[in-house]
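The values are calculated or read from the model by the stated rules, or taken from the named source; none is laboratory data. None of the values given here were measured: they were computed from a predicted structure. Note that each Cβ is placed from the backbone with ideal geometry, even for glycine, and that neighbours are counted across all protein chains shown.
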Amino acid sequence: MTISNFNLKPEILENETIKLIPLQEDHFEALYKVASDPLIWEQHPIKDRYQKGVFKSFFETAIISNGAFLILDQKTNEVIGTTRFYDYNSEKSNIGIGYTFIGRKFWGGPYNQSTKKLLIDYAFQSVDSILFHIGAENFRSQKAVLKLGAKKINEMIFPVNDGILHFEYELTKVRS
């Protein structure tokens with residue numbers, strides 16, 4: 001099933017745990033407050049993203065992507081992190097989900113899985129598969145996508161992250 005107009009930016013996606021709202025310029029300071037923790041980035045290919053200038057570039061790219069979301073705690077409205085859709089391909093009926101980070105305070109709980117479930121359920125209304133590109137040393141994220149049922153399909157140099165080795169995982173829609 002191929003649908004030519006995937007809406008990268010629905011108004012709000014939410015469940016009992018989190019709320020995803022389209023990322024906007026005025027979210028920078030609140031999101032940077034979460035991102036300024038160096039330990040968030042220790043397994044990430046861009047380890048200095050906790051620095052304001054480096055994070056600013058990441059944030060601006062997220063805004064330009066038109067598929068980025070601010071992740072909020074549903075109960076407290078606290079900023080948890082960000083995530084986005086990217087690289088929609090109507091011919092292959094797939095889309096990427098990634099560029100996700102959440103604050104350490106929210107690690108180990110239901111937040112990452114709830115975020116991914118919202119994005120996956122939304123995307124599978126329009127595409128047949130979802131791709132995740134994860135740095136070779138980002139073991140936490142690799143384990144997280146495997147728990148979602150994704151399979152490693154490729155190793156590649158992801159040009160956006162300074163030519164660093166990434167693993168590509170794919171989650172395919174279950175046919176009923």
Checklist outcome for this item: Of the residues in the stretch 53-82, those that are among the hydrophobic types (A, V, I, L, M, F, W, C) and within 17 Å of N112 (Cβ to Cβ) come to A68, F69, L70, I71, L72, V79, I80
Next on the checklist: Here's a check for you: in the stretch 138-176, which residue that is part of a loop (DSSP other than H, G, I, E, B) and surrounded by fewer than 14 Cβ atoms within 10 Å (Cβ to Cβ) is modelled with the highest pLDDT?
Outcome noted: G149
Next on the checklist: If I filter the stretch 120-136 down to residues being in contact (Cβ under 8 Å) with a residue 60 or more places away in the chain and buried (at least 22 other Cβ atoms within 10 Å of the Cβ), which single residue comes out as nearest to E11 (Cα to Cα)?
Outcome noted: A123
Checklist outcome for this item: Inside the stretch 58-103, the number of residues satisfying the requirement of being in contact with an Asp or Glu (Cβ under 7 Å, 6 or more places away or on another chain) and at positive phi is 1
Checklist outcome for this item: Filtering the stretch 9-28 for residues that are under 24 Å from G109 (Cα atoms) and either loosely packed, with under 12 Cβ neighbours inside 10 Å or not hydrophobic (A, V, I, L, M, F, W, C) (or both) leaves a count of 8
Item to check | Extreme residue, farthest from the chain's Cα centre (by Cα), among residues of the stretch 99-116 that are farther than 12 Å from T83 by Cα and charged (D, E, K, R) | outcome: K105
